[in-house]
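Structure record follows, encoded as structure tokens.
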Amino acid sequence: MTDRLAEAAKIIADKAKELAGEWSRQVPPSIRVSGSYPEITIRASAPPAYPNEMPDIWHPVFGRRGTKRFGKPRVKNKHRPFLAPAPDRVGDEDVQKFAEIVDDWAVKAGFK
């Protein structure tokens, strides 16, 4: 059961890497699967991951030297989610893994 949950999470993480790879070179290699049954986490640790996954995030940008603006200028980032849509885009392979997990639970509970 634990292996199946990790396998299902890896399928989702691989799809998230594919989605992030459309606009980033940093984010895909930072996507990791961690934890163990019953809790598996998929996360991205690259700096551009959060401002792209979440909508309406303002972040600093760096202007040319010698600008006289107070503080760092900030812009609203383009919303390019990659973790949230990944489970919906993997297709039946991931659904099959989760169905096998449910089957394992049923057998463990005494169902045949």
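The values are calculated or read from the model by the stated rules, or taken from the named source; none is laboratory data. Here the structure is a predicted model, which is why all the values come from computation and not from measurement. With ideal geometry, Cβ positions are generated from the backbone for all residues, glycine too; neighbour counts draw on all protein chains shown.
The condition of being within 17 Å of the chain's Cα centre (by Cα), surrounded by fewer than 16 Cβ atoms within 10 Å (Cβ to Cβ) and closer than 28 Å to Asp92 by Cα does not hold for Glu53. The residue of region 83-97 that is farthest from the chain's Cα centre (by Cα), among those that are touching a residue at least 24 places away in the same chain (Cβ under 8 Å), in a helix (DSSP H, G or I) and surrounded by fewer than 14 Cβ atoms within 10 Å (Cβ to Cβ), is Glu93. Tell me, which residue of region 10-50 that is within 10 Å of the chain's Cα centre (by Cα) and of a type in the set (Gly, Ala, Ser) is nearest to Asn77 (Cα to Cα)? Filtering first and then ranking leaves Ala49. For region 12-49, a residue qualifies if it is out of contact with any Pro (no Cβ under 7 Å at 6 or more places or on another chain), within 25 Å of Val95 (Cβ to Cβ) and assigned to a loop (DSSP other than H, G, I, E, B), and the qualifying residues are Glu22, Tyr37, Pro38.
Number of residues in region 49-92 that are in contact with a helix residue (DSSP H, G or I) (Cβ under 8 Å, 6 or more places away or on another chain) and at pLDDT below 80: the value is 1.
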